[in-house]
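Written below as C-alpha cells is the structure these notes are about.
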Amino acid sequence: FVCYWDDDNTCAQEDGETFSHMMADLFGVTSQTFVINHEDPVPGWDLGDRLYQEVVSKHRICKPTLFIFFYAGHGTINQLNELSFTATKKEQFVPWRTIDRELSYHTYPMDTFCILDCCYSGTAIASNPMTTHVLAACGSSAFARSRVNGISFTQRVAWTMRKLSHSGKISISTDEIFDTVQNETPRGCYMPRFSSHNGVNPIVLPFHVT
C-alpha cells in the first residue's frame with residue numbers, strides 16, 4: 001500500500017512509483033496507491049477508510065498474511081514527539097496514530113512491514129499485537145527528504161532489494177533489508193532506523209520466481 005500527498009514537492013510520487021515497480025518486479029505484488037488530497041478537510045478519515053478496506057480484503061484470503069505500508073513525503077512531530085504526515089504547506093496532516101490504528105485494531109493474522117521515507121520517521125511506534133517492523137529513513141529528530149547525490153532513501157531501499165534479489169537468495173528478511181541499507185548508506189545521509197514492535201515472528205519476503 002503506497003501513499004503520498006497530491007501537493008507534494010519532494011518527488012514522493014516518483015518514489016511511490018519506484019517502490020511499486022520494485023514490489024511488482026521482485027515479489028510479484030501489485031501495490032495499491034492512495035494519493036492524499038491536501039484540500040480534504042479531514043484527510044485522515046479517507047486514508048483510514050481506504051486502509052480499513054485493504055485490511056479487510058487481506059482477511060478474505062483466510063490465511064496468515066503480510067501487509068506492507070509505504071509513505072513518502074513530509075513528516076512533522078508535535079510537542080509530544082508524535083509523528084504526522086503533512087501536506088506541503090503544512091496546513092493538513094494525518095497523524096501516524098491514524099494509520100497505526102487501522103493496521104492494529106483487528107483480529108486478523110496479519111503482520112505489518114512499514115517503510116517510511118519522511119522526516120522524523122524514527123518516531124513511529126506501532127501497537128499492532130501481531131509482528132510489526134518499521135524501516136524509517138531517519139531517526140526521531142532528523143530530516144530525511146533531502147536527496148544526497150540526487151538519490152532518495154526510497155531509491156536506496158529499492159536498489160538494495162534488487163541487489164539482494166540477484167544474490168541467489170529465494171527470500172529476504174526485514175532485518176537483512178535494514179542491515180544492507182544501513183551498510184550502503186552514503187556519506188552525508190542520515191542513518192536509517194529499524195524497529196520491531198510486538199510479535200516474535202521474523203518477517204520474510206519471498207522473491208517472485210518467473
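Worth a mention:
- Gaussian network model of the chain, springs between alpha carbon atoms under 10 Å - residue of ILE77, ILE151, ILE177 with greatest fluctuation: ILE151
- Aspartates and glutamates whose Cα lies under 19 Å from that of LYS163, excluding same-chain neighbours fewer than 8 positions away: ASP15, GLU17, ASP25, ASP175, GLU176, ASP179, GLU184
- Reachable aspartates and glutamates, given that their alpha-carbon falls under 12 Å from the alpha-carbon of LYS90 and they are not under 8 places away in the same chain: ASP7, ASP8, GLU39
- Sequence-distant residues sharing a close amide H with HIS208 (under 5 Å, placed H): PHE27, GLY28
- Taking all protein chains together and rolling a 1.4 Å probe, HIS208 ends up with roughly 90 Å² accessible.
- Hz values of 3J(HN,Hα) by residue in the stretch 34-44 - Karplus curve (6.51, -1.76, 1.60), Gly and Pro given as x: 10, 9, 6, 7, 6, 9, 5, x, 9, x, x
- Using the Cβ-Cβ distance between GLN79 and MET191 with R0 = 22 Å, the FRET efficiency computed as 1/(1 + (r/R0)^6) comes to roughly 0.30.
- The relative contact order of the chain, computed from alpha carbon pairs under 8 Å that lie at least 6 residues apart in sequence, is 21 percent.
- With all protein chains in place and ligands, DNA and RNA left out, the 1.4 Å accessible area ranks HIS38, HIS74 as HIS38, HIS74, largest first.
- At q = 0.09, 0.11, 0.16 Å⁻¹, base-10 log of I(q)/I(0) for the chain (Debye sum, equal scatterers on each alpha carbon): -0.31, -0.48, -1.08
- DSSP-defined beta bridges in the chain - what % are antiparallel, rounded to 5: 45
- Computed over the stretch 1-80, the P(r) curve from all C-alpha pair distances, binned at 5 Å from the origin, holds 3, 13, 21, 22, 20, 12, 6, 2, 0 percent per bin.
The values are calculated or read from the model by the stated rules, or taken from the named source; none is laboratory data. Predicted, not measured: the structure shown is a model, and the values here were computed from it. We place every Cβ from the backbone using ideal geometry, glycine too, and count neighbours over all the protein chains shown. Surface accessibility is based on the protein's heavy atoms, side chains included, excluding ligands, DNA and RNA. Shrake-Rupley method; radii C 1.70, N 1.55, O 1.52, S 1.80 Å.
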